[in-house]
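Working notes for the structure below.
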Amino acid sequence: MMSSLNVRAALLSISFLAALLGLWELSTQPPEAQESMTEYEILMGGAEQESRVPPPSAVLIRAWEELSNPFYDAGANDKGIGIQLAYSVYRVLAGYLAAMVIALPIGFLIGMSPLMYKAFNPYIQVLRPISPLAWMPLALFIIQDSDASAIFVIFICSIWPMLLNTAFGVANVRQDWINVARTHELSQIRTALTVILPAAAPTILTGMRISIGIAWLVIVAAEMLVGGTGIGYYVWNEWNNLDLTSVIFSILMIGLVGMVLDIALGKAQKLVEYTE
């Protein structure tokens, strides 16, 4: 039954995609010339100079060109899409892992101690709503390195979902499980590792999954600001070159990499799920 549902869903999804691409292709064809062009217009390119969104066929051709050699390096402003994505993924993972090192222990502490929750809560409520990109000028001034500043911005945007979900998951572990651990005279550290962590793991992984999605969103905007390398810089550079075909291709690549990151965290989340 489930297999049949998956097949029908896949066929319906492919049908939607084919219809969308067909409409896109038809709607972006150049208009037919209403009158013959002058010699000057022909020399200047005529109707081909009219600005319009490129059709999907042009995007597919560009995708083949880029993906056939994704790691070429022809200078500062001419690197393959693979290199640009690698820089972005590196920055995301560096900031994300740094946030995880800070967020998980503090989240555990807040979740296990009402006193620490009340002490930390005012700072969380003030800092959490601040846009990550608002930190960029300060980071550039203090760190004085664009790459490290982008990683810091990812750190800032990743920390809050992980911290809050960890605190929530730890605080909502069933009290009778903790009481059993106390009956067996387990230490607080052992109770945290063998009882609380497995019980709170699904909620913690949910926060981590939210964080990686936000981090991937933010890195594109951060790289547009700091420039140099990365998929965000690639998008902005191609826009400055008025190459909309490459812009659309890079947007699709951003979506695909984001999907892969989310699927990876989703698989990890399924591994720690349990049924009572």
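The values are calculated or read from the model by the stated rules, or taken from the named source; none is laboratory data. Being a predicted model, the structure only gives us computed values, none of them experimental. Note that each Cβ is placed from the backbone with ideal geometry, even for glycine, and that neighbours are counted across all protein chains shown. Areas reflect the complete protein model, heavy atoms only, side chains present, ligands, DNA and RNA absent. Shrake-Rupley method; radii C 1.70, N 1.55, O 1.52, S 1.80 Å.
Looking at the chain, which longest stretch skips every one of the chymotrypsin sites (Phe, Trp or Tyr not before Pro) that is in a DSSP loop with at most 13 other Cβ atoms within 10 Å, leaving the sites themselves out?
Longest stretch, sites excluded: 73-273.
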For the chain, what does -39500 (n - 2.57) per DSSP helix run (n ≥ 4), summed and divided by total residues, give at 222 nm, in deg cm²/dmol to the nearest 500? -25000 deg cm²/dmol
Once the Cβ-Cβ distance between Y90 and Q175 is put in as r, and R0 is 45 Å, what FRET efficiency do you end up with, to the nearest 0.05? 0.60
Within the set V153, V257, V226, GNM on the chain using Cα springs under 10 Å gives the largest fluctuation to V257
In Å, the Kirkwood estimate of hydrodynamic radius for region 121-269 over Cα pairs equals 17.8
In Å², nearest 10: area of V235 left accessible to a 1.4 Å probe: 20
With Y90 itself left out, Lys, Arg at +1 and Asp, Glu at -1 over residues whose Cβ is under 15 Å from its Cβ give -1
What fraction, in whole percent, of alpha-carbon pairs in region 71-159 exceed 20 Å separation? 50
Cα extents of the chain along the three principal axes, largest first (Å): 93, 59, 32
Can I get the semi-axes of region 196-276's equivalent ellipsoid? Compute them from the C-alpha gyration tensor as square roots of 5 times the eigenvalues, in angstrom, largest first. 35, 13, 6
List the extent of the Cα atoms of region 185-239 along each of their three principal axes, largest first, rounded to whole Å. 63, 17, 11
Quick note, region 94-208: a/c under 1.5 would make it rounded; otherwise a/b > b/c is prolate and the rest oblate (a ≥ b ≥ c, C-alpha gyration tensor); here it is prolate
How big is the accessible area of I130 in square angstrom, nearest 10, if you roll a 1.4 angstrom probe over the protein chains? 60
Report the accessible area of D145, computed with a 1.4 Å probe over the heavy atoms of all protein chains in place, in Å² rounded to the nearest 10. 70
Please list S88, S146 in order of solvent-accessible area, largest first, computed with a 1.4 Å probe with all protein chains present. S146, S88
